Every structure is written in C-alpha cells, then in structure tokens.
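What follows is a short report on a single structure.
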Amino acid sequence: MREQICKLVAEKLPELAGVVALRQTAVGTAPYLFREGDDLSQLVLEPRYPLPSVVSMLQKRYPEARFGVVARGCDARALVEMAKRNQIDPERLYLVGFTCSAEQAAECYCAAPAPDTAGWPQAMVVGVPVAGAPPNPLVAQYEEMSLAERRAFWQQQFAKCIKCYGCRNICPECFCEACALEDPLWVEAGMLAPPFPMFHLVRAMHMASRCVACRQCELVCPAHIPLTVLYDLMRRDIGELLGYEPGADIAAAPPLSLTLADGMVHGQDQLL
Amino acid sequence: MQYENVRTTCIYCGCGCAINLQVLDGEIVGVFPDPQHPISRGSLCIKGWNVASFVRHPDRLATPLVRQGEGFREASWDEALQLVAERMGAIYAASGPQSIGFLASAKCTNEENYLLQKLARTIVRTNNIDHCARL
Ligand code: SF4
Ligand code: SF4
Ligand code: SF4
C-alpha cells in the first residue's frame with residue numbers, strides 16, 4: 001500500500017506545490033510537505049496526525065497553490081467539513097486516499113474506515129475498503145445510565161481534565177479564531193479542573209454537525225477522558241433529527257450553518 | 001515554500017515531553033505532540049502546547065544584560081561570560097567554595113542540569129546547588 005501511494009505521489013508531484021503526508025526520519029515521524037525531488041522513501045502512513053489542519057494552513061498561506069494530501073477516511077471526512085466552512089479549497093487539493101485496516105477500524109470504532117471520494121474534484125483511493133467496525137461499547141453502556149448516573153459519570157471524568165486544550169488544538173474541526181473556551185463569559189479562567197460542565201459541554205455543542213469521529217481528541221487527552229462518547233451521541237442526534245452526517249457528503253449543506261446571500265438568510269429551511 | 005516539523009523536547013519542566021515544532025518557511029507556526037514518543041505518548045500540557053509562543057515574543061531577552069547603575073545595558077555573550085567568570089573567581093578567591101551557589105533550571109534538559117552540578121561540585125567544589133523553582 002505504501003509503495004503504491006509513493007508511486008502515485010511521485011506521479012502527481014510535478015503538477016502540485018507539494019503533498020502533505022507523514023515523514024519518518026531518525027528522530028521520529030511527523031507531518032511534512034513533500035515536494036518534487038524529496039526522498040519519498042521517508043513517506044509513511046503511521047501514526048495518525050491531523051493532516052487536514054496542515055492542508056488548511058498551507059492553502060491559506062498560499063492562496064493560489066495546489067496541494068496534495070495522503071488521507072485516511074477520517075481525514076477525508078474532516079476535509080469535507082472544512083471545505084463547507086471555507087477552511088480548505090477542494091478545487092486546489094488532490095486527495096490521495098487510502099483504506100485503513102480492520103484492526104485500525106476496530107481501534108477507532110470507525111464506521112467508515114476508507115475515504116469516500118464521491119463529489120471530490122480530484123481524488124483517488126488506494127486499497128480495498130474493510131467493513132466498518134462496531135461502535136464504542138461505552139456509548140451503549142452510557143445510554144443505560146439514569147440521568148443522575150450520567151451526571152456523576154461526567155463529573156468524575158471531567159474532574160480529571162487538566163485544561164490543556166489539546167482536544168481543541170488537535171481537532172480538525174476546531175478552527176475558530178476566537179474560541180469560546182478561552183472566553184471568561186463561558187469558561188471561568190484559572191480554575192482546574194474547569195468548572196463543571198461548561199468547558200466540555202460548550203465544546204460538545206460546537207461539534208454538533210462538525211465532528212467527523214476521527215478520535216484525535218481522545219487520543220491526545222492526557223486525562224483519558226472518553227470525549228467521543230459525547231460526540232458520538234451528538235452525531236447520532238444530528239443524524240436522526242436533521243438527517244445530516246458530518247463528513248459524509250461534500251455537497252450536503254451543514255444544517256446548523258446559516259448563510260447570508262442576496263439579502264436573504266439561507267439554511268433555515270433545513271432547520272424547520 | 002517549505003513545511004516541516006522539527007523535533008525537540010519541551011523546555012518547561014523535567015518530564016521531557018516530545019514536541020514537534022511546525023515550521024512554515026522558517027517560521028514556527030504551531031506545535032504537535034508525538035503519538036509515538038515513549039514519555040509523552042501523544043499528549044502535552046497547556047504549556048507544551050504553547051511552547052512556541054515565546055520564541056519570538058517581544059518581551060524575550062535576546063542578548064545578555066549587564067547591571068549598570070539602576071538599570072541594565074546590553075552585552076555580548078563573550079563579555080557577559082567573561083564578567084561572570086571574573087567576579088566568581090574573585091569571590092571564590094576571597095571567600096572560598098561555600099560562598100558560591102548554583103541554581104539549576106527547569107528550562108534546561110536533564111543533561112544540561114547534570115553538567116551544571118558537575119561544574120559546581122568538581123570545579124567550584126561546592127554542594128550549594130538548588131533549583132530555580134525554589135528561587
Ligand atoms: S477513524 Fe480510524 S479507522 Fe476510521 S478512517 Fe480514521 S484512522 Fe481509519
Ligand atoms: S473526533 Fe474529536 S478531534 Fe475528531 S472531529 Fe470529532 S471532536 Fe474533533
Ligand atoms: S484534552 Fe483532555 S485534559 Fe486536555 S483540555 Fe481536553 S479534555 Fe481536558
């Protein structure tokens with residue numbers, strides 16, 4: 001799979017400003033912009049980093065340049081939601097997708113462990129998609145709990161939070177320049193753990209119709225708080241109530257976004 | 001156009017978390033933790049996440065300062081180190097090893113702090129070594 005991807009990247013590089021992927025060197029592996037002539041034997045597929053955020057930064061810095069990205073299913077989903085919110089430009093992106101293994105999917109409780117390239121202007125996928133993995137069993141356990149038990153569960157979990165902001169920083173869908181989690185109106189400053197439950201619930205609410213279940217937030221959390229239990233339920237509700245699955249369809253308008261155009265507010269029709 | 005991550009170690013405490021400094025065209029633009037690092041295992045604290053913000057901060061001292069009257073004046077490293085060596089030598093000659101103490105720093109690596117205590121114990125021959133956290 002890696003060889004196939006490297007070959008494809010090598011073929012595409014002459015027409016791109018560069019390809020965002022992981023580079024492995026003697027000191028470790030991290031995101032890198034491969035350009036023509038770079039040593040592609042250093043291109044690797046593990047571990048997981050939020051490459052969509054790197055693409056967004058590069059496209060913003062170079063508003064004319066076309067880039068490529070080596071993307072997993074969740075990266076592609078993240079890029080879809082970013083495109084809808086003007087964080088990336090799909091017209092200037094070549095998506096080199098690849099499928100995850102069944103083991104990886106199980107580890108991520110991932111329902112869609114391969115990029116869906118439908119609707120992408122320029123994309124292709126390497127590998128044979130495996131079936132989606134079963135959901136996180138903790139979600140079902142949580143749903144068995146009474147309201148009081150749920151409250152106690154989150155109180156105990158959120159009390160571990162060291163307020164590193166890692167969950168927000170790593171999340172490809174957290175890109176606001178002014179973040180409510182840094183606004184004393186919402187989150188009292190200087191408190192550890194952050195006062196229950198605002199910090200975590202504000203973030204959970206802001207992930208509605210945005211969270212693409214990449215699980216990066218949970219992986220980065222030093223306190224091992226099962227954050228995606230909240231976000232998975234949010235995804236389920238957005239699906240059931242508004243018929244929207246974040247990351248699934250690049251052509252579908254996000255139901256909670258309103259746009260102003262031609263002096264009209266657009267998007268309300270989907271809310272009603 | 002160049003984007004890469006430069007691997008280094010967080011300087012804020014002695015834990016030794018790995019950080020990747022995201023560098024775009026020679027400018028530090030962000031930090032990534034490293035999921036494969038045996039110590040930090042993909043996590044950082046709030047200080048590590050923001051470790052890059054002081055690198056070009058306008059308040060950061062960019063040269064040594066030498067006290068002059070009520071204030072300070074800028075000096076070269078050579079001059080500053082020369083001055084420290086002379087003054088320490090004079091104090092040592094007048095009052096002996098017990099008159100000198102060393103303060104190690106959390107912002108240095110363990111190895112650098114090891115070297116500092118070596119300097120203190122074997123060259124100045126004092127055990128007066130403490131840590132900046134108790135300053
Ligand atoms: S969430 Fe996990 S299994 Fe799913 S696409 Fe991403 S890395 Fe692959
Ligand atoms: S799983 Fe976490 S990091 Fe990924 S999109 Fe959802 S909230 Fe963001
Ligand atoms: S990553 Fe975990 S510890 Fe850090 S702010 Fe988020 S929930 Fe709190």
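Residue exposure proxy: A:F158, A:F153, B:F54, ordered by other Cβ atoms within 10 angstrom of their Cβ from fewest to most, comes out as B:F54, A:F153, A:F158. Label-to-label distance, B:N128 versus A:D39, with points set 7 angstrom from Cα along the beta-carbon direction: 5.1 nm. Taking the alpha-carbon centroid of each part, what is the distance from the stretch A:186-250 to the stretch B:1-65 in angstrom? Cα centroid of the stretch A:186-250 versus Cα centroid of the stretch B:1-65: 26 Å apart. Using the Cβ-Cβ distance between B:V29 and B:S95 with R0 = 56 Å, the FRET efficiency computed as 1/(1 + (r/R0)^6) comes to roughly 0.65. Taking every C-alpha pair closer than 8 Å and separated by at least 6 residues, the mean separation divided by the residue count of chain A gives a relative contact order of 15 percent.
Could you point to the residue in A:A114, A:W154, A:A140 farthest towards the positive end of the stretch A:39-165's charge dipole, with +1 and -1 charges on the Cβ of Lys/Arg and Asp/Glu respectively? Projecting each Cα onto the dipole axis, the largest value belongs to A:W154. For the segment A:29-35, counting C-beta atoms of other chains within 10 Å of every residue's C-beta and taking the mean gives 5. Based on the Cβ-Cβ distance from B:V6 to B:Q82, what FRET efficiency comes out when R0 is 30 Å, to the nearest 0.05? Given R0 = 30 Å and the Cβ-Cβ separation, E is 0.40. Give the residue from A:A105, A:H224, A:A248 lying farthest towards the positive end of the charge dipole for chain A; charges sit on Cβ (+1 for Lys and Arg, -1 for Asp and Glu) and the dipole is referred to the Cα centre. Farthest along the dipole direction, towards plus: A:H224. Each Lys and Arg Cβ is given +1 and each Asp and Glu Cβ -1; about its Cα centre, the stretch A:1-117 then shows a dipole of about 300 debye. Placing dummy labels 7 Å off each Cα toward the beta-carbon, the span from B:Q117 to A:L185 is 5.1 nm.
The calculated FRET efficiency for A:S146 paired with A:L192, based on their beta-carbon distance and R0 = 22 Å, is about 0.15.
The stretch between A:A106 and A:Y62 holds 12.1 nm of extra length on full extension. This uses 0.36 nm per residue minus the Cα-Cα distance.
Overall, the stretch A:113-272 carries a charge dipole of about 500 debye about its Cα centre when +1 sits on the Cβ of Lys and Arg and -1 on the Cβ of Asp and Glu, all other atoms neutral.
Site pair B:L103 and A:L138 shows an inter-label distance of 4.3 nm when each label is modelled 7 Å from Cα along Cα→Cβ. For the protein assembly as shown, the Cβ-based charge dipole about the Cα centre amounts to some 1140 debye (Lys, Arg positive; Asp, Glu negative; other atoms uncharged). Multiply the residue separation of A:A178 and A:A10 by 0.36 nm, subtract the distance between their alpha-carbon atoms, and state the gained length in nm to one decimal. Contour length minus the Cα-Cα distance gives 56.6 nm.
Peptide B:29-36 shows a mean partner chain C-beta count of 6 within 10 Å per residue C-beta. Each of B:F72, A:F175 was scored by other Cβ atoms within 10 Å of its Cβ. Arranged with the fewest first, they read B:F72, A:F175.
Using a 4.7 Å Cβ-Cβ cutoff, the cysteines of chain A lacking any partner cysteine are A:C6, A:C100, A:C161, A:C164, A:C176, A:C179, A:C211, A:C221. Each Cα pair under 8 Å and six or more residues apart adds its sequence gap; the mean of these over the residue count of chain B is a relative contact order of 16 percent.
Axis of helix B:77-95 versus longest Cα principal axis of chain B: the two differ by about 40°, to the nearest ten degrees.
Normalised by the number of residues in the stretch A:137-266, the average gap of Cα pairs under 8 Å and 6 or more apart makes the relative contact order 24 percent.
Coordinate-derived values only; no laboratory data. All values derive from a computational prediction rather than experimental measurement. Every residue, glycine among them, receives a Cβ derived from its backbone with ideal geometry; neighbour counts consider all protein chains shown.
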